[in-house]
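**Q** Got a structure here, written out as structure tokens. Questions coming.
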Amino acid sequence: MDYKKYVAEKLNIEGLSKEELYGFIETPPNTEMGDYALPCFKLAKIMRRPPVKIAEDLATAFTADEYISSCTAINGYLNFKINRSGFAFSLLDEILKAGDNYGSANIGAGKTVCIDYSSINIAKPFHIGHLSTTVIGSALCKIFRFLGYKVVGINHLGDYGTQFGKLIVAYKRWSSEEAVIKDRLKELTRIYVKYHDEAKLDPSMDDEARRYFKLIEDGDAESNKLFELFKKITLEEVEKIYKLLNVTFDSYAGESFYNDKMSPIVDELKEKGLIKVSDGASIVDLEEYGMPPCLILKSDGSTLYATRDIAAAVYRKNTYDFDKCLYVVAYQQNLHFKQFFKVLELMGKDWAKDMVHVAYGMVSLESGSMSTRSGNVVLLEDVLNTTIEKAYKVIEEKNPNLPDKDKIAKSVGTGAVIFGALCNNKIKDIVFSYDRVLSFEGETCPYVQYTVARCNSVINKCGEAGNYDGVEMNADEYEVISVLGRFSDVVKSAAEKYEPSLVTRYCLDLATVFNKFYIGCKIACEDEKVRNFRLAITKAVKITLTNALTLLGIDTVEQM
Ligand code: ARG
């Protein structure tokens, strides 16, 4: 039952559509005043009366019924109280019946969303800087799927550029197939770093690197064999991390995939008169839009990052016919996205409006941030392993007899990292702290996972929840129910705002009200109806928290 919709249907305001009215209705932060509220100042213009008067008139005209038990005017707000037991009973019923599907919807039926995320660079270490794009993108995929959209998750691999020529030069001088196969990304990083040190002294190496890159592009067998080896090693390494993080992709079409798809784009740009030649390079002038030019071809005719992104966007539109195409990429690339979205618009692609740069902030470790070139990077794998080890130690201390400690430590450690990265509004920079993400108190994953384990132990102790008809509800119980009822809206807003942190925050809210209820209300109590009711609440909390964590890519644990 959508009470907000019901209220909107029941009120009649001339000159205002039901949809607009629905949009005005709010959920007050404090349920004392009411469960829903209509701020009447939003109606003052249409109704041409002061808000206080509007609220009073609407309240007088309103008749309570089996769903809405009261409607009162307070300071220009119209406050509605719903029939709480009716709401509580039908919600619990709905959650227990829906199970894994609670919170899902089909608002996306027939629509496709492409999500470009993680998009790692081949032969470079998978470092903590990729954490956000990977977990935000993956959560968005799961959220959109949950809402019925068809989702295409794309890993737009950085597998194109002179750095591969450099890598071949370095490989030929200082490495071998055996070494690469044995030490994998560590070896590739070692030689890449060495290349940069040596090339400073011997600039001719850069010419050699350019030649090798050209050979890759021209399809030279030996160079491509090496390039494929670097690619294979990188993908195998990151796959391990993706598996831990519950991350999957539908496509790994990276930058090099567009090698043969760029010249038609360049032709189209020329035909449409958008190309200008400046110092030998082909550019699209964006001065009129307050931006520096978008580079399409260098003076030697080679393509750029933006050229490949334009080709990729056109390819995605043709292949998937998306309704939205999202790019989960750090805010450092704001300008790049603004530029190439503009170029698409200038090319007359009306779907350019459906492209969205989902920007996020930086992650650094407490000790400071890092860069790939210098080689002192913080590998995501190391961060995950450290967190898992630390989680294991905590379990060992708190609950040494727990079965399956390894598996639980994995879920808790990995969950802590994901949750830590998704906890705040995505645009904020985060400083990652092991102790903070692993704490059992405060805004953390272990706290939420522990709450699920707590629900579970109650359920195991109490068994089946029988009938609770006519039970009287107290404030703690109602608080949990009202938070449970918000879940579907939270999932929808998370999709609308491209903000998985809304789901993370929701987990914390639900865990907090549940724990308050758990401490304040004895669940396994004498009164059978009360016990049944509380048990049903506990089951509903377990289902909802599990669904929410699953959307974030986090496992729950039965015991902790
Ligand atoms: N590989 C790029 C990087 O690490 C990110 C690519 C993002 N996706 C895109 N279509 N440009 O910076």
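**Q** State whether the residues of region 290-303 include one that is at pLDDT below 95 and either within 30 Å of residue 138 (Cα to Cα) or within 12 Å of the ligand (Cβ to nearest atom) (or both).
**A** Looking through region 290-303, at least one residue is at pLDDT below 95 and either within 30 Å of residue 138 (Cα to Cα) or within 12 Å of the ligand (Cβ to nearest atom) (or both).
**Q** Looking at (1) open to solvent by less than 40 Å² (accessible area, probe 1.4 Å); (2) more than 30 Å from residue 230 (Cα to Cα); (3) at pLDDT below 95, which is the only condition residue 105 fails?
**A** Checking residue 105 against (1) open to solvent by less than 40 Å² (accessible area, probe 1.4 Å); (2) more than 30 Å from residue 230 (Cα to Cα); (3) at pLDDT below 95, the one that fails is (3).
**Q** Would you kindly identify the strands (runs of 3 or more DSSP E) lying entirely within region 264-346 that contain at least 3 residues that are open to solvent by less than 70 Å² (accessible area, probe 1.4 Å)?
**A** 281-284, 294-297, 324-330
**Q** Another one. For region 412-435, give me the residue count where each residue is in contact with a helix residue (DSSP H, G or I) (Cβ under 7 Å, 6 or more places away or on another chain) and closer than 12 Å to residue 387 by Cα.
**A** Result for region 412-435: 10.
**Q** Please specify each residue of region 470-492 satisfying the condition of being within 27 Å of the chain's Cα centre (by Cα) and not in a helix (DSSP H, G or I).
**A** Start the filter on region 470-492 by keeping residues that are within 27 Å of the chain's Cα centre (by Cα), which leaves 480-492.
Correct list: 485, 486.
**Q** Would you pick out the residues in region 153-177 that are more than 13 Å from the ligand (Cβ to nearest atom) and either of a type in the set (Val, Ile, Thr) or open to solvent by 10 Å² or more (accessible area, probe 1.4 Å) (or both)?
**A** In the first step, residues of region 153-177 are kept if they are more than 13 Å from the ligand (Cβ to nearest atom); the result is 162, 164-177.
Across region 153-177, the qualifying residues are 162, 166, 168, 169, 171, 172, 173, 174, 175, 176, 177.
**Q** Would you pick out the residues in region 213-251 that are open to solvent by 80 Å² or more (accessible area, probe 1.4 Å) and either touching a Lys or Arg at 6+ places or on another chain (Cβ under 8 Å) or in contact (Cβ under 8 Å) with a residue 12 or more places away in the chain (or both)?
**A** 214, 240, 248, 250
**Q** Oh, and also: Considering only region 316-330, how many residues are within 15 Å of the ligand (Cβ to nearest atom) and either touching an Asp or Glu at 6+ places or on another chain (Cβ under 9 Å) or closer than 16 Å to residue 274 by Cα (or both)?
**A** Within region 316-330, residues that are within 15 Å of the ligand (Cβ to nearest atom) and either touching an Asp or Glu at 6+ places or on another chain (Cβ under 9 Å) or closer than 16 Å to residue 274 by Cα (or both) number 9.
**Q** Under the condition of being within 16 Å of residue 125 (Cβ to Cβ) and open to solvent by 50 Å² or more (accessible area, probe 1.4 Å), which residue from region 185-204 is modelled with the lowest pLDDT?
**A** In this case the residue turns out to be 186.
**Q** The conditions are (1) in a loop (DSSP other than H, G, I, E, B); (2) open to solvent by 20 Å² or more (accessible area, probe 1.4 Å), and residue 509 fails exactly one of them. Which is it?
**A** Answer for residue 509: the failing condition is (1).
**Q** Further question: From the set of residues in region 246-256 that are modelled with pLDDT of 95 or more and not acidic (Asp, Glu), which is nearest to the ligand (Cβ to nearest atom)?
**A** By that ranking, first place goes to 254.
**Q** Restricting to region 108-145, count the residues that are away from the ligand (no atom under 16 Å from the Cβ) and either under 18 Å from residue 419 (Cβ atoms) or open to solvent by 50 Å² or more (accessible area, probe 1.4 Å) (or both). I'd like the intermediate steps shown before the answer.
**A** Taking region 108-145 and keeping what is away from the ligand (no atom under 16 Å from the Cβ), we get 108-112, 139, 142-145.
Checking which are either under 18 Å from residue 419 (Cβ atoms) or open to solvent by 50 Å² or more (accessible area, probe 1.4 Å) (or both) leaves us with 109-111, 139, 142-143, 145.
Number satisfying all stated conditions: 7.
**Q** Could I ask something else about it? Under the condition of being among the small types (Gly, Ala, Ser) and modelled with pLDDT of 90 or more, which residue from region 418-453 is surrounded by the fewest Cβ atoms within 10 Å (Cβ to Cβ)?
**A** Going through the qualifying residues, I end up with 453.
**Q** Moving on. Just to verify a result, which residue in region 30-70, among those that are assigned to a loop (DSSP other than H, G, I, E, B), exposed (fewer than 13 other Cβ atoms within 10 Å of the Cβ) and not polar (S, T, N, Q), is nearest to the chain's Cα centre (by Cα)?
**A** Going through region 30-70, the residues assigned to a loop (DSSP other than H, G, I, E, B) turn out to be 30-35, 48-50, 62-67.
Then keep just the ones that are exposed (fewer than 13 other Cβ atoms within 10 Å of the Cβ); that gives 30, 32, 48, 63-66.
Filter once more, so that each one left must be not polar (S, T, N, Q): 32, 48, 64-66.
On the way: 32: 33, 48: 43, 64: 41, 65: 40, 66: 39 Å.
Checking each candidate, the answer is 32.
**Q** Across region 416-457, which residue is farthest from residue 136 (Cα to Cα) among those that are without any contact (Cβ under 8 Å) to a residue 12 or more places away in the chain and acidic (Asp, Glu)?
**A** Top of the filtered list is 441.
**Q** Enumerate the pairs (first residue in region 309-332 and more than 17 Å from residue 120 (Cβ to Cβ) and of a type in the set (Gly, Ala, Ser); second residue anywhere and within 13 Å of the ligand (Cβ to nearest atom) and not in a helix (DSSP H, G or I)) with beta-carbon separation below 7 Å, excluding pairs fewer than 6 apart on the same chain, so at least 6 apart or on different chains.
**A** 313/325; 313/355
**Q** Hey, residue 539 hits all of (1) in a loop (DSSP other than H, G, I, E, B); (2) touching a residue at least 12 places away in the same chain (Cβ under 8 Å); (3) of a type in the set (D, E, K, R) but one; which does it fall short on?
**A** Residue 539 satisfies all of (1) in a loop (DSSP other than H, G, I, E, B); (2) touching a residue at least 12 places away in the same chain (Cβ under 8 Å); (3) of a type in the set (D, E, K, R) except (1).
**Q** While we're on this one: Among 491, 471, 530, which is within 30 Å of residue 329 (Cβ to Cβ) and surrounded by 19 or more Cβ atoms within 10 Å (Cβ to Cβ)? Please lay out each step first, then the result.
**A** Details: 471 fails: within 30 Å of residue 329 (Cβ to Cβ); 530 fails: within 30 Å of residue 329 (Cβ to Cβ).
Result of the check over 491, 471, 530: 491.
The values are calculated or read from the model by the stated rules, or taken from the named source; none is laboratory data. Note that this is a predicted model, so its numbers are computed, not measured. Cβ: placed from backbone, ideal geometry, glycine included. Neighbour counts: every protein chain shown. The accessibility values were calculated without ligands, DNA or RNA, using every heavy atom of the protein model including side chains. Shrake-Rupley method; radii C 1.70, N 1.55, O 1.52, S 1.80 Å.
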